[in-house]
Amino acid sequence: MYALEILMYFAGLFAGERLTVEGYTLIQKIAGIWVIGHVYLFVSVLIFDFVHFINGRFLLFKVFKERIIRKTKICCFLIFLLFIGFQLYRGYENYLHPKMKTIPFTFNKPGDQSVSPNASYRLLVASDLHLGYIVGANRLRQYVEFINSRNPDIVVIDGDLIDFTLRPLIAGKMDEELRKIKAPKGIFFVPGNHEYKFNPELKLDWIAKAGFTILKDSVVVIDDNLTLIGRDDRVNKKRLYIETLMSKADLQKPCIFFAHQPGDIIDGYRYDIPLTVCGHTHGGQVFPVNILGTLVYTNVYGLQKHDDSYSYTTSGLGLSGFPLRIASDSEIVVFNIEIY
């Protein structure tokens, strides 16, 4: 089994671009599920070995007959296998059925509750679609339908729209599907780290032609009411200094700061931006990465308050590496914004 997995991995590594898109997609999906399954199986074997070691030292089960112990071991191990299989199935289901999270957000909230807002917007944020071999054209079609069914005024894709190469996107004519996204106030894209893998300029040009306004260290103002600030990804060492970017915006007006990686949340806090939105983490995607992520980022997932500022890190729509979401959900986030 391990030999077959290794052969499949190297087939994808060295022959991926020579295979058909369908063939490489199949290898990616099988190998991804296989790797996670083997990791969990390895952990379960370690647990059994540990129990066996303890029993050898302290004879915890000496009162039981060898035959009963043997049957118990077999039953326990089968239960472990079923549990692993269930988690893999559940992880695939979590990916197939994204959730929608709705968050109300108010700028300049008045003390008088009878006052009506001057402007309101439905801002939809989707991050980490990772379009490519695993997340293909059929899946994108479902994403677009899911997004349009929420009737957003503004759509922001917060990085990692593309997984690695453009080849499967061009073959699947995914640009045509992306043009079907509807948002009367604008459709925007903030670069992520995966846009900087393999021909970044070509990718950003493809994204622009697919109908997105690219917020790459730039600022856009909606109806003279709401300012969107888009930060280029931190893997681009030539991105603008944060002071230069923030000088482009009137920070006294309602502003939302978008950056792909949560490491940039600190800049939103430093400039007292009311709301900073990030992605990148996938909510951990597979257990226990979601726990380990808390050691790296201050906000791995969800809404966080810091003084008078908020940040939201979304777990994203798609996934990378493995077609599974174990202990994390696929999601889009809709901010119901009111400006007074």
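The values are calculated or read from the model by the stated rules, or taken from the named source; none is laboratory data. No experiment lies behind these values; they were computed from the predicted model shown. Neighbour counts are summed over all protein chains in view; Cβ atoms, including those assigned to glycine, are modelled from backbone coordinates with ideal geometry.
Sub-7 Å Cβ pairs linking a first residue in region 135-164 that is without any contact (Cβ under 8 Å) to a residue 40 or more places away in the chain and acidic (D, E) to a second residue that is surrounded by fewer than 24 Cβ atoms within 10 Å (Cβ to Cβ) and assigned to a loop (DSSP other than H, G, I, E, B), at least 6 apart or interchain, are D153/A183; D153/P184; D153/K185, ordered by first then second residue. Scoring P110 on the criteria (1) at pLDDT 85 or above; (2) in the same structural domain as F322 (by TED's automatic domain parsing) leaves a single failure, condition (1). Scanning region 68-106 for residues that are under 22 Å from G283 (Cα atoms), part of a helix (DSSP H, G or I) and charged (D, E, K, R), we see that the one that is farthest from the chain's Cα centre (by Cα) is R90.
Do any residues in region 248-273 that are over 19 Å from L295 (Cα atoms) have Cβ atoms under 7 Å from those of residues that are buried (at least 21 other Cβ atoms within 10 Å of the Cβ) and among the small types (G, A, S), where the two are at least six apart or on different chains, and which pairs are they? Close Cβ pairs satisfying both conditions: F257/G268; F258/G230; G268/S311.
Taking the criterion of being hydrophobic (A, V, I, L, M, F, W, C) and closer than 30 Å to Q252 by Cβ, no residue of region 313-331 qualifies.
Would you check which residues across region 107-137 are more than 21 Å from Q285 (Cβ to Cβ) and not in a loop (DSSP other than H, G, I, E, B) and list them? If the condition is that a residue be more than 21 Å from Q285 (Cβ to Cβ) and not in a loop (DSSP other than H, G, I, E, B), then F107, A119, S120, Y121, R122, L123, L124, A137 are the ones that fit.
The one condition from (1) modelled with pLDDT of 95 or more; (2) not in a loop (DSSP other than H, G, I, E, B) that P168 does not meet is (1).
One residue stands out in region 289-308 among those that are more than 22 Å from L275 (Cβ to Cβ) and within 14 Å of the chain's Cα centre (by Cα): the one that is surrounded by the fewest Cβ atoms within 10 Å (Cβ to Cβ), namely V289. If the condition is being in contact (Cβ under 8 Å) with a residue 40 or more places away in the chain, of a type in the set (A, V, I, L, M) and within 14 Å of G132 (Cβ to Cβ), then region 165-195 contributes L166, A171, M174. Being buried (at least 16 other Cβ atoms within 10 Å of the Cβ), among the aliphatic types (A, V, I, L, M) and in contact with a Lys or Arg (Cβ under 7 Å, 6 or more places away or on another chain) holds for only one residue in L228, L245, L215, and it is L245. With respect to the conditions (1) within 16 Å of L129 (Cβ to Cβ); (2) surrounded by 23 or more Cβ atoms within 10 Å (Cβ to Cβ), S320 lacks only one, and its number is (2). Could you list, in sequence order, the residues of region 78-107 that are modelled with pLDDT under 90 and not aliphatic (A, V, I, L, M)? Answer for region 78-107, where residues must be modelled with pLDDT under 90 and not aliphatic (A, V, I, L, M): F80, F83, G85, F86, Q87, Y89, R90, G91, Y92, E93, N94, Y95.
What residue, among those in region 250-260 that are of a type outside the set (F, W, Y) and either closer than 17 Å to F188 by Cα or outside the structural domain of I103 (by TED's automatic domain parsing) (or both), is surrounded by the most Cβ atoms within 10 Å (Cβ to Cβ)?
Among residues in region 250-260 that are of a type outside the set (F, W, Y) and either closer than 17 Å to F188 by Cα or outside the structural domain of I103 (by TED's automatic domain parsing) (or both), the one surrounded by the most Cβ atoms within 10 Å (Cβ to Cβ) is A259.
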